[in-house]
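Asks: Following this message is one structure expressed as structure tokens.
Only the coordinates and a few stated rules stand behind these numbers; no lab work does. Because the structure is a prediction, the values reported are computed rather than measured. Counting neighbours? That spans all protein chains shown, and the Cβs are built from the backbone with ideal geometry, glycine included.
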Amino acid sequence: MESSLLGFIEPPANVTVEGNSLGLKLVPWISWDEWNSIRHSLFSHSSPPSVAFALQRISTWRSRGCIPVAVDVTASIVEIQQKDPFFRKVLGGDALQSEEMLSMLYCMAIMRLVNGVVEKTRKKAEISIAEAANAIGIPRMLIDVRHEGSHRDLPSLQLVRLASTKALDWLKSYYWEPQKNVIRRDSTANLRKEIKHKLLEMAFCLKVKQTNSSHTLEKCSKKQITRAMKAILRLYTSSSSEVVSVLLELMLQTVDSSNLPGDTENALTIHENIDMHNAYDDWKPILMKLSNREPDLLLTLLRAALDKIETMEATTHELGANALSGNANEPLLIGQLSYLCEQIVANLKTLKPLTHNDLAADGEDSSRKLSLPEATLQELLRKCLYLSSHDNYQLMKSALVIAQMMGRNSFIHKLNKLCSLSVFDTEIIHSDPSTNSSESFQLSREEDSLRQAAQKLELIMRRVVKGNNTNTIDTGSRWVVAKTWKACPIGMLPHAFGSTGRLPILDFVDDSAEFAKSSDNEILETYKCGCKREAASANECLDNPNMKKMRKTQENMEIGRDFLSDENGYNDVPLEGSKGRLMIDGVWKKVSNEELHDIAAAVKIFYLNKAL
Amino acid sequence: MASFGDNELQFDNIFIPEEWSDAADSVATTWPPPVAFVCGPKNSGKTTFSRLLVNVLLQRYKKVAYLDTDVGQTEFTPPGLLSLTTIDKITSDLSIPCLKTPERCFFFGDISSKRDPKTYLAYIFALYDHYRRTYLLSNGGSPGNAGVPLVINTTGWVKGIGYDILVDMIKHISPTHVVKIYISAVNKNLPAGAFWLDDGNGAAATLIEVNSARQDYFNRSVLVQKDACLLRDLRVMAYFRQCFPSDMKITTIKELSRALAAHPPYEIPISSIKIKHLHCEVPKSEVFYSLNATIVGLAVDSEGSENFPDCMGLGIVRAIDTFKHVVYVITPVPKSSLQKVDLLLQGFIKIPTCLLQVQGCISPYMSADVLP
């Protein structure tokens with residue numbers, strides 16, 4: 001193992017240029033949601049446990065070694081105030097009684113604040129600390145405390161207490177609030193706008209090219225199309241989900257072929273007479289062009305469409321058949337989406353050899369993208385099948401095509417059977433005069449889903465048993481290279497779709513050794529019990545940082561984990577709960593009794609759906 | 001290529017003053033094999049002198065041991081490691097460092113000894129004791145290993161705590177030679193004479209004082225002001241470059257970042273390894289928040305003995321899956337050495353940000369909209 005460093009010595013400018021162009025900085029939090037939630041907890045004076053939680057997380061940020069000084073000092077001051085009986089009336093053993101110690105702590109924190117924050121703004125030692133502090137509006141009192149503390153007597157506790165409050169106020173106005181506003185401003189809205197703009201530009205150009213091929217407009221040269229396409233692809237690589245969601249939105253919008261892309265900025269309105277077929281035809285050239293360059297796009301788009309159908313169906317079910325007013329368009333939309341899925345799948349199939357050539361020529365990353373990942377196809381198939389249970393032939397067809405792509409003959413055979421079965425079912429329904437009533441229709445539907453649920457449950461059971469077996473085999477060595485891997489950013493887990501990866505859930509979970517031993521019957525039993533225990537202990541858990549009490553609920557969630565993970569190891573949707581907490585704003589928060597009940601019920605259904 | 005004349009050494013890209021080659025010669029010609037301690041302020045040329053000395057020694061000895069105590073600007077390893085390396089080949093270019101697999105090393109986990117001087121010294125003493133046990137005949141080393149001189153390179157931190165650490169090191173090691181390099185800024189230099197002796201007691205080492213090469217009469221500069229941070233990043237990147245076969249086409253940082261993002265990592269069950277932060281107390285519930293996307297030392301837990309955990313190399317914790325109970329680690333350490341590794345040591349060795357922001361694969365820890 002011997003290699004020269006020289007290979008890497010690029011001009012240093014190169015290193016910084018790349019960083020600057022994106023304007024990125026290393027931060028210790030995994031998302032701004034995490035930051036924001038910690039900000040919220042840190043300043044929630046009324047709830048010591050959530051303050052304690054925020055302080056703990058910030059000390060974790062410190063351990064990553066790149067914490068902004070303002071965050072660091074804010075946490076220090078808040079932590080000291082939490083130990084001061086003056087600020088926190090009800091204190092356990094936490095309180096620090098010695099006034100001397102308290103003033104020293106406050107004084108040190110304030111000195112670090114003044115020095116730390118000022119040092120960053122003061123380029124050279126040309127101006128004094130006081131002048132520099134003044135320039136960024138640090139209250140004079142803090143500068144005086146720093147001066148007194150370093151050169152004279154220790155300032156009185158009364159003074160430093162007051163100063164600590166001023167310091168927090170100033171930190172809020174200097175760092176926390178402006179930082180919060182900066183994130184807001186940048187939100188996804190701008191990004192979506194840009195994506196939309198580029199997509200429409202490309203669509204417009206292609207349209208013009210198609211219709212007036214005789215006299216090519218200068219405005220829409222081939223160059224412009226390539227440029228727009230490149231821009232879209234670039235956006236896709238950095239934020240695939242946004243691109244796809246905008247694309248989907250655009251495709252679903254009223255598309256009148258005459259005025260594309262005209263005035264599409266207005267709100268999404270859908271008329272009865274739109275024809276998705278037209279809409280799709282309009283966008284097809286773009287899709288083809290984009291997917292030739294980025295085959296992933298079709299997969300991501302398909303998934304987004306399926307997701308949309310799923311959410312729509314969920315809301316329709318929730319609202320019931322009677323709530324027609326606002327949702328009259330929903331069945332239509334679902335129909336359109338299903339059609340879209342069918343088309344995409346058809347495209348996927350044709351794409352395969354294309355991808356081959358294109359990437360082989362490209363050379364880069366070819367090994368990974370040559371064929372569509374099996375796991376991804378499985379996932380898509382699963383979803384198509386699940387959604388097609390509501391008499392959606394288009395999705396059923398899509399599922400069939402995907403199965404064919406996977407090349408599993410036995411599977412295709414079974415699917416064909418299932419397909420004919422459901423056609424048969426609905427034919428009966430339609431031939432029967434009484435079935436026009438929604439009641440019997442509903443009934444057959446329920447029956448259908450029940451049957452499916454039973455099948456799926458059986459599958460889960462099998463998988464659990466299988467999982468137990470395979471777990472025990474692999475004990476030889478702990479350093480094993482992951483079997484499947486997909487490029488994704490460092491710090492993230494690979495995503496079955498797209499190249500963006502997914503954020504990991506980093507909360508600590510204990511070993512599931514105990515669970516692994518139990519048989520599947522017991523699993524279901526403990527699962528049930530778990531819910532009860534969870535409910536009983538949830539109240540105590542609410543504001544109690546003591547982790548021991550979380551244990552029970554934790555075990556319970558571990559079952560969920562195993563249920564969720566499929567053979568390929570892709571769990572695309574993170575579990576909704578862990579340790580009796582809910583992921584809210586990127587952070588695990590404790591939830592109430594009733595909420596837990598609801599979740600438990602929902603999660604059960606979720607497992608069933610997910611497991612196939 | 002290096003060419004050796006009668007009395008002078010000429011290397012590519014670098015000019016070695018006569019004073020230096022004389023000093024190196026005088027160390028090399030002593031018997032028993034010398035233990036040379038090289039010290040001096042920042043940018044005085046300690047590392048360059050050490051490289052020269054190693055080369056001169058290699059003309060007489062088959063092997064030379066090198067104790068690297070400069071955790072911020074390491075010689076043969078990525079930063080943050082304290083290492084003992086044996087060298088058997090002359091390096092032709094004195095201006096660049098190259099990576100070598102150390103014989104023994106410990107992960108200190110920071111780029112300066114100031115965070116934990118006690119542990120820092122303990123690691124260095126352990127490495128030195130290892131050298132003595134293995135290579136010094138009088139201490140029971142095997143005859144085959146006889147005659148391996150040692151070169152000790154140090155940091156440029158020669159004031160305050162840094163000075164105290166330096167003195168402690170010399171006292172424990174009692175080198176045969178102390179090479180002290182002076183720079184023109186007098187107040188930055190180490191004290192004149194045998195500064196480590198108190199009241200005439202202590203190791204009687206031969207003191208050799210030389211001037212920084214910067215002051216040579218041609219007025220040619222040997223030393224370029226280094227961007228320590230950039231060099232560290234480059235060293236880390238060169239280290240992780242070794243994850244890939246050397247014939248693989250990776251010449252730019254971008255290509256490396258892309259390759260690392262796509263590289264299938266090791267998948268280690270969380271239950272089979274211990275995780276420890278060297279410099280912070282991280283609550284158990286927060287361990288993964290702390291660990292994700294950081295550089296760790298891959299160490300062998302010494303199971304209760306007073307030995308320190310041996311470090312096999314560095315790894316990047318590229319992801320953690322708490323549902324699957326696994327940690328994903330990228331490392332160039334050969335699989336055979338990895339099987340012993342059961343301890344991940346976290347420190348403050350920063351992962352180079354250019355590895356985190358390759359286009360299309362931007363780490364969540366790289367964020368836009370950060371207030372300046």
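Asks: Using the Cα centre of chain B as origin and beta-carbon charges of +1 (Lys, Arg) and -1 (Asp, Glu), tell me which of B:I362, B:V71, B:V38 is placed farthest towards the positive end of the dipole.
Replies: Looking along the dipole axis, the top candidate is B:I362.
Asks: Cβ under 13 Å from B:K62's Cβ, B:K62 left aside: what net charge do those residues give with Lys, Arg +1 and Asp, Glu -1?
Replies: Numbers: positive: B:R60, B:K63, B:K89; negative: B:D88.
Residues near B:K62 contribute +2 overall.
Asks: With every atom except the alpha carbons ignored, what do you get for Rg and Dmax of the stretch A:40-96, in angstroms?
Replies: That works out to 11.5, 34 Å for Rg and Dmax.
Asks: Along the charge dipole of chain B, Cβ charges K/R +1 and D/E -1, which of B:I270, B:Y61, B:Y120 sits furthest on the positive end?
Replies: B:I270
Asks: Sticking with the crude label model, points 7 Å out along Cα→Cβ, report the distance from A:V69 to A:E126 in nm, one decimal please.
Replies: Going by the 7 Å Cα→Cβ label model, 1.9 nm.
Asks: With only Lys, Arg, Asp and Glu charged, each at its Cβ (+1 for the first two, -1 for the last two), find how big the charge dipole of chain B is about the Cα centre; round to the nearest 20 debye. Could you put the intermediate results ahead of the total?
Replies: Details: 35 positive and 36 negative charges, 129 e Å.
It comes to approximately 620 debye.
Asks: Take the Cα coordinates of the stretch B:66-135, assign each an equal point scatterer, and use the Debye formula without solvent to give log10 I(q)/I(0) at q = 0.20 Å⁻¹.
Replies: -0.80
Asks: Which translational diffusion coefficient, to the nearest whole µm²/s, is obtained for the stretch B:259-372 from the Stokes-Einstein equation, given a Kirkwood hydrodynamic radius over C-alpha pairs, 20 °C and 1.002 mPa s? Can you show the working numbers first?
Replies: Working: Rh = 15.1 Å.
Answer, rounded: 142 µm²/s.
Asks: Tell me which of B:I316, B:V287, B:A261 sits at the most positive position along the dipole axis of the stretch B:255-354, charges placed on C-beta atoms (Lys, Arg +1; Asp, Glu -1).
Replies: Of the candidates, B:A261 comes out farthest on the positive side.
Asks: Which net charge results for the neighbourhood of A:F86, defined as the other residues with beta-carbon distances under 13 angstrom from its beta-carbon, given Lys and Arg at +1 and Asp and Glu at -1?
Replies: In short, +2.
Asks: Counting only residues 5 or more places away or on other chains, whose amide H sits under 5 Å from the amide H of B:V178 once H atoms are built in the peptide plane?
Replies: It is B:F37, B:T206, B:L207, B:I208, by chain and number.
Asks: Angle between the Cα long axis of helix B:228-241 and the longest principal axis of chain B, 0 to 90 degrees, nearest 10?
Replies: Once rounded, one gets 60 degrees.
Asks: Same structure, new question: For A:K166, A:K120, what's the fewest-to-most ordering of other Cβ within 10 Å of each Cβ?
Replies: Lowest to highest Cβ neighbour count: A:K120, A:K166.
Asks: Could you list B:F323, A:F43, B:F240 in order of exposure, starting from the residue whose Cβ has the fewest other Cβ atoms within 10 Å?
Replies: Details: B:F323 21, A:F43 15, B:F240 25.
With the fewest neighbours first, B:F323, A:F43, B:F240 line up as A:F43, B:F323, B:F240.
Asks: Can you sort B:S271, A:S41 by how many other beta carbons sit within 10 Å, fewest first?
Replies: B:S271, A:S41
Asks: Could you state the principal axis extents of the C-alpha atoms in chain B, from the largest down, to the nearest angstrom?
Replies: 63, 46, 43
Asks: Give the Kirkwood hydrodynamic radius (Å, one decimal) of the stretch B:250-317, defined as one over the mean of 1/r across all pairs of different Cα atoms.
Replies: Here the Kirkwood hydrodynamic radius works out to 14.3 Å.
Asks: Still on this structure, please answer the following. List the relative contact order of chain B as a percent without decimals, with contacts defined as Cα pairs under 8 Å and 6+ residues apart.
Replies: Details: 680 pairs, mean separation 65.5, N = 372.
Across chain B, relative contact order equals 18 percent.
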